[in-house]
1. Tell me whether the range 306-320 contains one or more residues that are on the phi > 0 side of the Ramachandran plot, open to solvent by less than 30 Å² (accessible area, probe 1.4 Å) and touching a strand residue (DSSP E or B) at 6+ places or on another chain (Cβ under 8 Å).
2. Note down all Cβ pairs under 7 Å where the first residue falls in the range 293-316 and is under 13 Å from residue 275 (Cα atoms), the second is of a type in the set (D, E, K, R), and they're at least six residues apart or on different chains.
3. When you check residue 235 against the structure, is it in contact (Cβ under 8 Å) with a residue 24 or more places away in the chain, of a type in the set (A, V, I, L, M), surrounded by fewer than 18 Cβ atoms within 10 Å (Cβ to Cβ) and over 13 Å from residue 27 (Cβ atoms), yes or no?
4. So which helices (runs of 4 or more DSSP H) stay within the range 252-340 end to end and still have 2 or more residues that are modelled with pLDDT under 95?
5. Condition test on residue 246, is it closer than 22 Å to residue 277 by Cβ and either without any contact (Cβ under 8 Å) to a residue 40 or more places away in the chain or surrounded by 19 or more Cβ atoms within 10 Å (Cβ to Cβ) (or both)?
6. Give me the residue from the range 34-47 that is touching a residue at least 40 places away in the same chain (Cβ under 8 Å) and among the acidic types (Asp, Glu) and, out of that set, nearest to residue 232 (Cα to Cα).
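The values are calculated or read from the model by the stated rules, or taken from the named source; none is laboratory data. Quick caveat, the model's predicted, so the values are computed rather than measured. Please note: Cβ atoms are built from the backbone with ideal geometry, for glycine as well, and neighbour counts cover all protein chains shown. Note: accessible area is taken over every heavy atom of the protein model, side chains too, but ligands, DNA and RNA are not part of it. Shrake-Rupley method; radii C 1.70, N 1.55, O 1.52, S 1.80 Å.
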Amino acid sequence: MDEAAQALIRRKDEHIDHVLAGRGRGAGGAGFEAVRFVHDALPELDLDAIDLTASLLDRPLRLPFLISSMTGGPSRAEAINAHLAEAAEHLGIALAVGSQRVALETDGGFGLTRDLRRRAPSVPLLANLGAVQFTLGYGVEQARRAVEEIGADGLILHLNPLQEAIQEGGDRDWRGVEAAIGRVAEAFPGRLIVKETGAGLSGPVAARLNALGVAALDVAGSGGTNWGLVEGARAEGRRAEKVAAAFAGWGVPTARAIHDVARAAPGLPIIGSGGVRDGLDAARAIRLGASVVGQAAGVLEAALDSTQAIVEHFEVMADQLRLACFCTGSADLAALAQAPLLDDIRF
C-alpha cells in the first residue's frame, strides 16, 4: 500500500475520533425550532396503528430513516459497517456507506464488501463516492465498481467543498463537477443521490441538480457535524485551524435547506439530514418536505458499541416520531407532511 493510501486511511480514522470528541460541532443549530406543530387534543387515532412506512429509490422502508454515511480506518470500519447493516435490516431502514474511495484505490474491503448485502438483504443500500473525484480521473467505471462491490441499490455522490478546501492536500479545483454529476446521473437513471456533507444545499443548487436528472437529494445541512472544523482540528496549531474557525457557523441550516429544496425541486425526493437530534426533529423535517430522515454522528457511538445499541437508538426515534403523528392527528407520514403549524415558518 503506497504512502498516499496510508494517509487516506489515517485520515478516516482521525475523522471518527474528532467527531466523537465533539470537535466538529458547529455554531448554531439545524433550525428545527422554527417548526411548531398545533397540538391535537382529540386525535381520533390508534397510536399503535400509525403508519410510518416510507420508500427510497422505490424500495420500501418500515421506518423513514437512513443511516447516513460514516466510516473509519480499517481498525474500526469493518465492525461499524457490520453493526449498521444488521441494524438497518432489523429495523427496515436504509443504509448509506461512507466514502468507498480508499476501498477502490487499495483493493481493500475495509468493511465495504458484499458482506453488507448479506447482512442487509432487503433494505436500500447506497454506495458513496466524492463528486469531485469525477473530475480527477474517476468515471462511470468507478461508479459501477462502488455499486457492485457492496451490491448497492443506488449511488451517493457527496459534495464537500468546505472540507476539501481546508483539508491538507484537499481537492480545491471544482471546475467541471456539475457536468460530471450529469454524466453519472445519465449512467444511473433513477439511482443517483447527491448530498452535501454538513453545509447544506440551497434552493438554486437543488434546481441545478434536479435538471441533471438526479433521483434524490440529501440536504445534509448545517447544525450537525461541520467537516471544516473537523479538518481544522486535524490541523491543530497550523494555519488551517485558524481558517476553519471562522466557518464554525457556515452553511444552510438543515430546516431551511429542506424548506428551500422542496420548493426549488418540487416532486424530487428529499433526505433531511444534518443535526437531527430525535424523532421530533424527524417529524419537523418531514413536515418541511423530507420523505426520509438521516442521521450519522447522532448514531456513531451506538455504531461503535453494537447492533443492538443502534436498534434501540432508532426505536426511540420511531416512538418519538409516532407520538408526533399522534399528537397532530396524523395517521401516516403523508398526513404529517400537511399537519397544521402554530405559526408561519420563518427562518
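1. No.
2. Partner pairs satisfying both residue conditions: 294/218; 298/277.
3. On the way: in contact (Cβ under 8 Å) with a residue 24 or more places away in the chain: yes; of a type in the set (A, V, I, L, M): yes; surrounded by fewer than 18 Cβ atoms within 10 Å (Cβ to Cβ): yes; over 13 Å from residue 27 (Cβ atoms): yes.
The answer is yes for residue 235.
4. Details: elements: 254-264, 279-288, 297-305, 307-326, 333-336.
In the range 252-340, the matching helices (runs of 4 or more DSSP H) lie at 297-305.
5. No: the conditions fail for residue 246.
6. Ranking the candidates gives 40 first.
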